[in-house]
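Enquirer: Before anything else, here's the structure in question.
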Ligand SMILES: [Mg+2]
């Protein structure tokens, strides 16, 4: 836990540090200006958990004053969660209003009184820790509800949400949207031959392989259901999707997972269907899913371990 004290007065900085250290707050960082404070904050590790838990900000400073600095920090996504207590010599209401409008969480007046300072610091730190806990619980919950329990990649619910978002985006931008459906060939026979535990392991390996070829925020690999997987490629056409699908097919063969009952190859393979659409108000995401599913069906009919591309769905 660390506290950053921003004050242009040397004496003030030392006083605040002494008061806080006296109460057991050992990690106190001092900055003589907002610019120096910003430099310190920017050099912190950016793992989402800011190292500084609280900023005590002097209101009156040359160059950038406390209110401007506060506003600036609150506009910075990496810094906006750090609570700021404004330290002001003037208890003028107008200044305080501006400070709160700029995003300050609390204020304290100079000359500093030990009891008041500690009470404010303690209560803001408590609030900050509650907010952090809530945030991490929310993140945990989100990942629990959007990931497939067996394979660890996105689940069907996440697929549905991602597709809906991508659909609206493509509709607004008049851009194409592509969908790849992949299904493990003769998976029932695989389970019969090797047992369900091996079947689960096979699903995990295939999922990981498909996931590994998807590497940008506009693409999502998901378990669609059973032994069926899907990849959504936002703002991609069928040609690019076909390349990705073929890459996935080859990568699955390359896993070399033995499949003694498969009549086509002695290893696990997938069939792949690809479809794309430029969404319009008359079309739906369901049509895109159906087209990719139909293409997958043809790939199966045609001998499996291959890719089929649907003619472009009319949007
Ligand atoms: Mg000052």
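The values are calculated or read from the model by the stated rules, or taken from the named source; none is laboratory data. None of the values given here were measured: they were computed from a predicted structure. Here the Cβ positions follow ideal geometry from the backbone for every residue, glycine too, while neighbour counts run over all protein chains shown.
Enquirer: Restricting to the range 146-160, count the residues that are closer than 19 Å to residue 217 by Cα and touching a residue at least 12 places away in the same chain (Cβ under 8 Å).
Expert: Taking the range 146-160 first, the residues closer than 19 Å to residue 217 by Cα are 146-148, 152-160.
Still in the running and touching a residue at least 12 places away in the same chain (Cβ under 8 Å): 146, 148, 152-159.
Qualifying residue count for the region: 10.
Enquirer: Give, as residue ranges, the helices (runs of 4 or more DSSP H) completely inside the range 104-206 that count at least 1 residues that are farther than 29 Å from residue 249 by Cα.
Expert: Counting at least 1 such residues, we get 114-146, 156-173.
Enquirer: Sticking with this one: When you check residue 218 against the structure, is it in contact with a helix residue (DSSP H, G or I) (Cβ under 8 Å, 6 or more places away or on another chain) and either assigned by TED's automatic domain parsing to the domain that holds residue 25 or in contact (Cβ under 8 Å) with a residue 12 or more places away in the chain (or both), yes or no? Please lay out each step first, then the result.
Expert: Working: in contact with a helix residue (DSSP H, G or I) (Cβ under 8 Å, 6 or more places away or on another chain): yes; either assigned by TED's automatic domain parsing to the domain that holds residue 25 or in contact (Cβ under 8 Å) with a residue 12 or more places away in the chain (or both): yes.
In short, yes.
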